[in-house]
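Here the structure is laid out as structure tokens; the discussion comes afterwards.
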Amino acid sequence: MYCSDLCVANGKRYNNKKISFPIVSILFFFFAYNASGENALEIRLPVKGINSNVVSGIEIKKQEAFQQIFGNTVILDPAMVQKVKSDKPGKRHYVDKNMDGKPDEVWFIDTDRRHSKERQPILVKVIDENGNLEAGKEPDKYGDLWIVDWYADGLVDAVIDYEDLDNDGDLDRMGMFFYDEKYGLRVWWSRDDGDDNLLWYDVDYIYDQTLCQYKTHFGGDESFCSFYFAPDKNQWIPFSENPFLFYDQNNDGVTEEVIRLAGHDKDIWSIRWSFDVDNDGTLTQPRNFDASITALAPGWTPTKTDASLKLTKDESEIITIRGVPTGSVLNRQTATKYLKQITWGRIAFAWDEIDMNRAWNKTNDTIDRWEGVIAAASLDSAFYMPRVGGPDCGPYNRRYELVLRPSKPNEFYFNPSDYRVHIKYSDKAWMNVDYDGDNKSDMYYSWLDTDKDGILDKITLDIGYNGVIDDSWNIDISDVKPVPWTFEGLNSVYEPVLAYMPARKYLLNKALNAVLKSIKKNTEEDPIWTLVQQKMKNGNFTADISKKLTGSDESVLFYLNLVCDSQIAKLKKWKAGSSSFWKAFYTARSKNDIESMTVLLCKEFGVETPIQDYHEWSDLRKEQPHQQRVAWMENPLSNWRWESENAAFRFYDGHFDLFGKRAKQLIFPLFSEITKENYHYDRNEWGMDILEIGNSSGCGGLILYVDGKAYPVRIEPKQSVPTFVGRLVEETSEKITLEFVAEHIVPDKPYKVKIRPTALAGREDSPIEVVVEGISQGEKIEIGIGLTRLPEEIFIMDKQAGIMGSWGFQNPEIGWIGLGVKFPSNRFVRLDEQTNEHRVVLQYESGKPFVYYIQSRWLKGLRFSCCPSAKDWESVLKQQANQIK
């Protein structure tokens, strides 16, 4: 048994002991200034200017539950609560508990707009558990304990524990503690196994599925569990998610395999095990699971639903959370090997053939599922299978295969004759098709194992879902090969299918269309094909779904299958063609010999073999309507702005400023309409200005060095020069270039500095071209690029890589930001550090323009904002610098 016993991280951890005196006594002391004689379970906390709050029995139980784990640290000093609540929201209050001249705590009212209005004011007390808090600076989210009080009523409602186990300054584990009336104190405990420093998002410092699931990472290499605290055992009891395991099998930062165990304590009731088989998840769209099994515990039957699998010490681990051990949870390192050798009680195999793994029939839940492929329930009493977890992906357009009474561990195979992966020994295999999204059955496929050898060998098709079999065909099984239930095994057989099969099916469909029209000129086009040709646009699919279906090779193959099968059934229904033709055609069909099927059709019905233009057709379908992907605007006083969907920049008086966005979008074309409040505050939906520049360069402003003396190319306080003239140089839908010409930079010298920033579609950086004119012979000219020095920052400089940047904090409104400059490393001369800015000084060759790049990241604007570090930002800058060399 593996034991992860790390209850102390980075120095000190507060004692995790049960309270030694009754909670009622604590609350009596806590509310001692109240009038005496009140019911101890309904204590009122009068606060000047605020209506009295009622402390209910539930709130007392909640407070007691938190104290059982966190002790006195969660007893909030009422005087401090009042002080913080009465002061300016967002202001930090530092407390030196041990009088060593260094703060141990910081208190504040959290004003972040991610939190709900209903629970405000939200008071936060952060305990510096890794010993790095400094007065005037921010607590961290990699080693501190965040204690949260909704309504600032003096009682704790949530706690988040951030842990840095290896002292490298980034997040390794986190626990989100909250109170549940049924279970008492609970925790969502997560671990960053892949060290990408991305874990859980919160609203009001708790996890809310609707609000948080999209922005919680649930990816890469990662684990999480659900526990509740059992005081009688002094143990965290695992239940429900026991655990959830995410695996990045090819080290691309994206999960390809995810396993969820459901159970209670040592009892495991079920598992769900999913894969991104075709490996089309990306860092920007990381959730794209294709296939899963849902397995019920050995011994499960419809009449014995409490069957469970018992974990033993050989396959489990124990975790320590705040000094308290957990019950056994499945060990991540050995999980897959262990689960493969189990003979389950019942198994549902699901394959998302349409490539739309989203919650079914939930109009407000439109994200791609992070949990894997959650199979819908099978309610047929003869083939019953309950749903495990939710929301499920629905009954339509998924191929389901059900094994009722497995006699041995799972086996899977790939049959090139239907180019699909199947589970062996299925008792029922089917796909209910709703091709147009109206939640009504249009077609129903059944796969049959006619000789009961465990291999599916026949397909039947009911068009119209009326109980009548319109077509059926055998499946050749001579080339069946076993496939391991691993990402590598599944991907090796399925990814090639997507490379070659759509084009073949497309050509077959062209031939079928030509044949049908040769028989009946006025025959109506198949409605499935019409929908495909219309780029999946109809009254049922949203624009987002239509775009996704059109762009997916899996979706295209799914629809080409449907239309080909529908056309064949129609041709057969017309009784066209000779019996010898149909015999040969179905023989070819049984082997998935698309080429022979196409040749036979054309020969039998005298039509020309169609031209193969699948890739041209596919590219045309995937082509999106022309849209502007960059923008610019000019405000009075030479306030110029330019942007891509990813990033926005501003230039005024020589300063380079930055806007942070919450989503990929253009903001400048409708800036006045979407900016309802001052954009220097986080009050607008789109984002805000994220850099307080003051008297500095901003992100990438220039300094002209003449014979070693610095002349900032910006208007300094109480000065009117340099002067700037701006113009638009180039504008397309993909690129915008502006030009700013600075003059009167050096007294009595004719220098001109031409600055050309560009916005490029899809890029988060902006290239800046610089040309210096008016250089006299013999003068040594250098160019400095400046970066605002943040009050709290980690400065990044790598002259070999050609990057300068910082990761830091200016105020709570902006939060954490990353600033970056990428420059030609071969021009590096020196650093010139100033009190207000960092400067990298570069060689300048007269008459030769050079290009550098500026960029930023706004933590609040990131999808996964918990919790990237300065090292992650440095890695981004280095990676991008390498790409532009």
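What does the charge count near K62 come to, summing +1 for each Lys or Arg and -1 for each Asp or Glu among other residues with Cβ under 10 Å from its Cβ?
On the way: positive: K61; negative: E59, E64, D157, D180, E181.
Within the 10 Å Cβ shell, the charges total -4.
Assuming 0.36 nm per residue, please report the length gained on full extension of the stretch D112 to T284 beyond their Cα-Cα distance. It would help to have the intermediate numbers written out before the result.
Numbers: separation 172, 0.36 × 172 = 61.92 nm, distance 2.46 nm.
Full extension from D112 to T284 adds 59.5 nm.
How high is the relative contact order of region 575-650, in percent, counting Cα pairs under 8 Å that sit 6 or more residues apart?
Numbers: 45 pairs, mean separation 11.2, N = 76.
Once divided by the residue count of region 575-650, the mean separation gives 15 percent.
If each of E730 and A79 carries a label point 7 Å out from its Cα toward its Cβ, how far apart are those two points in nm?
6.7
Could you tell me the center-to-center distance, by alpha carbons, between region 779-849 and region 316-394 in angstrom?
With region 779-849 and region 316-394 each reduced to a Cα centre, they are spaced 48 Å.
Roughly what would the spin-label model give for Q627 and H615, points 7 Å off Cα along C-beta, in nm?
About 2.7 nm separates the two model spin labels.
Give, rounded to the nearest 20 debye, the magnitude of the charge dipole that region 79-192 has about its Cα centre when Lys and Arg contribute +1 at Cβ and Asp and Glu contribute -1 at Cβ.
720
What percent does the relative contact order of the chain come to when contacts are Cα pairs within less than 8 Å and at least six residues apart? Let's see the in-between values first.
Working: 1982 pairs, mean separation 60.9, N = 885.
Answer for the chain is 7 percent.
Hey, what's the chain come to in accessible area per residue, 1.4 Å probe, Å²? Mind showing how you got there, number by number?
Details: 37080 Å² over 885 residues.
Spelled out: the 1.4 Å probe surface of the chain, per residue, equals 42 Å².
From a point 7 Å beyond the Cα of N466 in the direction of its Cβ, which residues of region 438-454 have a backbone N at a distance under 14 Å?
442-444
At 0.36 nm per residue, minus the direct Cα-Cα distance, what do Y384 and T675 gain on full extension? Give it in nm, one decimal, please.
Details: separation 291, 0.36 × 291 = 104.76 nm, distance 5.43 nm.
Fully extending the segment from Y384 to T675 adds 99.3 nm.
What does the C-alpha gyration tensor say about the overall shape of region 338-417? Classify as rounded when a/c is under 1.5, otherwise prolate if a/b is larger than b/c, or oblate. Let's see the in-between values first.
Numbers: a/c = 1.82, a/b = 1.57, b/c = 1.16.
Judged from the Cα gyration tensor, region 338-417 comes out prolate (a/c at least 1.5, a/b above b/c).
Which pairs break 30 Å Cα to Cα here: K676/K735; K428/K573; K481/K570; K337/K452; K125/K266; K521/K547?
Details: K676/K735 28 Å; K428/K573 27 Å; K481/K570 33 Å; K337/K452 28 Å; K125/K266 36 Å; K521/K547 32 Å.
Too far apart for the 30 Å limit: K481/K570; K125/K266; K521/K547.
Given a Förster distance of 25 angstrom, what is the FRET efficiency for E833 paired with N695, based on the Cβ-Cβ distance and rounded to 0.05?
Numbers: r = 16 Å, r/R0 = 0.63.
Result of the calculation: an efficiency of 0.95.
Using 0.36 nm times the number of residues separating N882 and K718, minus their current alpha carbon distance, what extension gain do you get?
Details: separation 164, 0.36 × 164 = 59.04 nm, distance 4.11 nm.
Stretched fully, the N882-K718 segment lengthens by 54.9 nm.
Find which of S720, T523, Q810 sits farthest along the positive direction of the dipole of the chain, computed with +1 on the beta-carbon of Lys and Arg, -1 on that of Asp and Glu, about the Cα centre.
Among S720, T523, Q810, the one farthest towards the positive end of the dipole of the chain is T523.
When a/c reaches 1.5 or more, the comparison of a/b and b/c decides; with that in mind, is the chain rounded, prolate or oblate per its Cα gyration tensor? Please report the intermediate quantities before stating the final value.
Numbers: a/c = 2.35, a/b = 1.24, b/c = 1.89.
Since a/c reaches 1.5 but b/c is at least a/b, the shape of the chain is classed as oblate.
Work out the charge dipole of region 441-503 with +1 on the Cβ of Lys and Arg and -1 on the Cβ of Asp and Glu about the Cα centre, then indicate which of G489, A499, W447 is farthest towards its positive end.
G489
Nearest 5 is fine: what % of DSSP beta bridges in the chain come out antiparallel, could you say? Intermediate results must be reported in sequence, preceding the final value.
Numbers: 200 of 206 bridges.
Antiparallel: roughly 95 percent of the beta bridges in the chain.
Please list, or write none, the aspartates and glutamates whose alpha carbon is within less than 13 Å of the alpha carbon of K97, excluding same-chain residues fewer than 8 places away.
Answer for K97, where 13 Å is the Cα cut-off: D77, E105, D128, E129, listed by chain and number.
Would you work out if region 252-324 is rounded, prolate or oblate? Take a ≥ b ≥ c from the square roots of the eigenvalues of the alpha-carbon gyration tensor; rounded if a/c is under 1.5, else prolate when a/b is larger than b/c, oblate otherwise. Don't jump to the answer; show the numbers that get you there.
Numbers: a/c = 3.18, a/b = 1.39, b/c = 2.28.
Note, shape of region 252-324 comes out oblate.
Between D252 and D195, what is the label-to-label distance in nm when each label sits 7 Å out along the Cα-to-Cβ direction?
That separation, rounded to one decimal, is 2.3 nm.
So how far, in whole Å, is the C-alpha centre of region 71-96 from the one of region 527-586?
Here the answer is 65 Å between Cα centres.
Please work out the FRET efficiency for the pair D798 and S86, using the Cβ-Cβ distance as r and a Förster radius of 51 Å; give the result to the nearest 0.05.
On the way: r = 46 Å, r/R0 = 0.91.
About 0.65, to the nearest 0.05.
Can you give the FRET efficiency for S846 and T366, using 1/(1 + (r/R0)^6), R0 = 60 Å, r = Cβ-Cβ distance, to the nearest 0.05? Provide the component values of the computation, followed by the final result.
Numbers: r = 56 Å, r/R0 = 0.94.
Result of the calculation: an efficiency of 0.60.
Can you pull the percent of the chain's accessible area that's carbon plus sulfur, 1.4 Å probe, other chains left in place?
Working: 18640 of 37080 Å².
Carbon and sulfur atoms account for 50 percent of the accessible area of the chain.
Determine which lysines satisfy two conditions relative to K362: a Cα distance under 18 Å, and not lying fewer than 8 residues away in the same chain.
K362 reaches K440, K548.
Roughly how many debye, to the nearest 20, is the charge dipole of region 777-885 about its Cα centre, given +1 on each Lys and Arg Cβ, -1 on each Asp and Glu Cβ, and no other charges?
The dipole magnitude comes to about 400 debye.
Quick one: putting +1 on the C-beta of Lys and Arg, -1 on the C-beta of Asp and Glu, what dipole do you get for the chain around its Cα centre, in Debye to the nearest 20?
In debye, rounded to 20, the chain gives about 1020.
Can you tell me which lysines have their Cα less than 20 Å from the Cα of K799? Leave out same-chain residues fewer than eight positions away.
By straight Cα distance, K799 reaches K822, K871, K878, K885.
Equivalent ellipsoid semi-axes for region 47-183, as square roots of 5 times the alpha carbon gyration tensor eigenvalues: give them largest first, rounded to whole Å. If you can, show how the numbers build up before the last one.
Numbers: eigenvalues 114, 73, 40 Å².
Sorted largest first and rounded, they come to 24, 19, 14 Å.
Would you mind pulling out the separation of the Cα centroids of region 202-229 and region 400-441, in Å?
First find each Cα centre; the distance between them is then 32 Å.
Of I259, P868, V770, which is farthest on the positive side of the dipole of the chain, counting Cα position, with +1 on Lys and Arg Cβ, -1 on Asp and Glu Cβ, and the Cα centre as origin?
Positive-end residue among those listed: I259.
Before rounding to the nearest 500, sum -39500 (n - 2.57) across all DSSP H runs of length at least 4 in the chain and divide by the residue total; then give [θ] at 222 nm in deg cm²/dmol. Don't skip to the end; give the middle numbers.
Working: 14 runs with 163 residues, N = 885.
Helix contribution divided over all residues of the chain: -5500 deg cm²/dmol.
The values are calculated or read from the model by the stated rules, or taken from the named source; none is laboratory data. Quick caveat: nothing in here was measured; it's all calculated off a predicted structure. Cβ coordinates were reconstructed from backbone atoms using ideal geometry, including for glycine residues, and neighbour counts include every protein chain displayed. Side chains are part of the model used for accessible areas, which takes the heavy atoms of the whole protein and leaves out ligands, DNA and RNA. Shrake-Rupley method; radii C 1.70, N 1.55, O 1.52, S 1.80 Å.
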